[in-house]
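The values are calculated or read from the model by the stated rules, or taken from the named source; none is laboratory data. Note that the structure is predicted; figures quoted are calculated from it, not measured. Every residue, glycine as well, gets a Cβ built from its backbone with ideal geometry; the counts of neighbours run over all protein chains shown.
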């Protein structure tokens, strides 16, 4: 195989690997199409992010170009039905509009009991869409744990709080801090149920 990966594919692959290691500085680096393509390959082949490298990606792309594989179909595993509610949820602030960037050192962990209580409150308030509207299988950790990520805006989270959503006091304090850091979006990483 004499093909070489384009710079966009190399950048997109590096973003996936960095995100899995928790040190991503820019989710997409302008390579949205390539990132989505790699995501479909990872999910279809059920390959951990820490395993896929340029050679493996090139092999999958070559197989697809020869018609032996098809990664054009969206991977439809989005939604609360795929969330493992018995696992803790990682919450962190992001800045940016088109390209979201996590704010370093600001990870907050919700226990599974706290996250279940929040989901139940939102359900009772008729505001579960705060989570479900943006919930999608976007990433996985370096160990291969797949995630369902919700990305509500900080304004929407604050609006639900004003309507009566009760969050842990330590998370309320974090939200206040994150607002001073120009946070625009709050990321909720739920672990995905294993197949």
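Put simply, of 130, 138 the only residue that is buried (at least 19 other Cβ atoms within 10 Å of the Cβ) and part of a strand (DSSP E or B) is 138. Scan region 146-193 residue by residue and report those that are under 21 Å from residue 87 (Cα atoms), at pLDDT below 95 and either outside any strand (DSSP E or B) or out of contact with any strand residue (DSSP E or B) (no Cβ under 7 Å at 6 or more places or on another chain) (or both). Listed by number, the residues that qualify are 151, 152, 193. For region 98-127, a residue qualifies if it is in a loop (DSSP other than H, G, I, E, B), more than 24 Å from residue 182 (Cα to Cα), at pLDDT below 95 and out of contact with any helix residue (DSSP H, G or I) (no Cβ under 6 Å at 6 or more places or on another chain), and exactly one does: 126.
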